[in-house]
Amino acid sequence: MTSALLLAAEKESAQVTDWAARAGWVVGLGLFVALVYWLMREGWKWRGTLQGDLPELPTAPDEPGPVRLSMSGRYHGSTTAGQWLDRIVAHGLGARSRVELTLTDAGLDVVRPGASDFFVPAAALREALLGKGIAGKVLTEGGLLVVTWAHGDRLIDSGFRSDHAAEHGAWVDAINSMIKNDTTEGAR
């Protein structure tokens, strides 16, 4: 009978929770997450400081001319040309955002709600191609419009994704034909 009482007593008693140890782990984990976030933020600011020699971004002219193409989509960032992981963060170029792109004879107007807008003059455009990744963002093959342009003494790749990916081919053709026409007219 005594063994039956012991079994019944064991079933009723539960292990006591050590709340102090649990709270210590939660606070420790929270501090660790805060430290990692702070280090990432400081790294972002340091990268911006290192890229401080990048000139101010041009703004769109008052009269850019007739619109050749326009699209809405996402701006995925800018990198050093050919280095798809070397993100440029100076002047807000590293911030992902929605985008409204407009291509005119004057150049490429990049309007980003919530981030700084910029303009790429037609003379600064170097190439447009379909890519699959930029600045840590990887998409399907041809899912990204990558525009290479010159700014100061740097070549920059900027990545855009249209809300309608089928538009990318037309953008590549239009930008590259603009570049080809500018180089042939300059050679005359």
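The values are calculated or read from the model by the stated rules, or taken from the named source; none is laboratory data. Computed from a predicted model, the values in this text were never measured in an experiment. Counting neighbours? That spans all protein chains shown, and the Cβs are built from the backbone with ideal geometry, glycine included. For accessibility, only protein heavy atoms count, side chains too; no ligands or nucleic acids. Shrake-Rupley method; radii C 1.70, N 1.55, O 1.52, S 1.80 Å.
Data for the structure
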item: Qualifying position, being of a type in the set (A, V, I, L, M, F, W, C) and not in a helix (DSSP H, G or I), among Ala20, Ala60; result: Ala60
item: Scan of region 97-115 for residues that are in a loop (DSSP other than H, G, I, E, B), open to solvent by 40 Å² or more (accessible area, probe 1.4 Å) and modelled with pLDDT of 90 or more, ordered by number; result: Asp105, Pro113
item: Candidate set from region 1-46 (those that are open to solvent by less than 90 Å² (accessible area, probe 1.4 Å) and at pLDDT below 80); member that is nearest to the chain's Cα centre (by Cα); result: Thr17
item: Qualifying residue in region 148-159 (condition: closer than 20 Å to Ser70 by Cβ and open to solvent by 10 Å² or more (accessible area, probe 1.4 Å)); result: no
item: Members of region 86-132 that are of a type in the set (A, V, I, L, M), touching a Lys or Arg at 6+ places or on another chain (Cβ under 7 Å) and within 21 Å of Ile179 (Cα to Cα); result: Leu103
item: Filtered residue count, region 117-143, keeping only those that are open to solvent by 50 Å² or more (accessible area, probe 1.4 Å) and either under 14 Å from Ser70 (Cα atoms) or assigned to a loop (DSSP other than H, G, I, E, B) (or both); result: 5
item: Residue within region 167-176 that is closer than 29 Å to Asp53 by Cα and in a strand (DSSP E or B) present; result: no
item: Cβ-Cβ under 6 Å pairs, at least 6 apart or on other chains, region 133-152 side farther than 22 Å from Pro55 by Cβ, far side outside any strand (DSSP E or B) and open to solvent by less than 10 Å² (accessible area, probe 1.4 Å); result: Leu145/His168; Leu145/Trp171
item: Residues that are open to solvent by 60 Å² or more (accessible area, probe 1.4 Å) and not aromatic (Phe, Trp, Tyr), drawn from region 73-88; result: Arg74, Gly82, Gln83, Leu85
item: In region 151-176, the residues that are of a type in the set (Gly, Ala, Ser) and over 23 Å from Lys132 (Cβ atoms); result: Gly152
item: Hits in region 50-72 - residues which are open to solvent by 90 Å² or more (accessible area, probe 1.4 Å) and over 24 Å from Asp173 (Cβ atoms); result: Leu50, Asp53, Glu56, Thr59, Asp62, Glu63
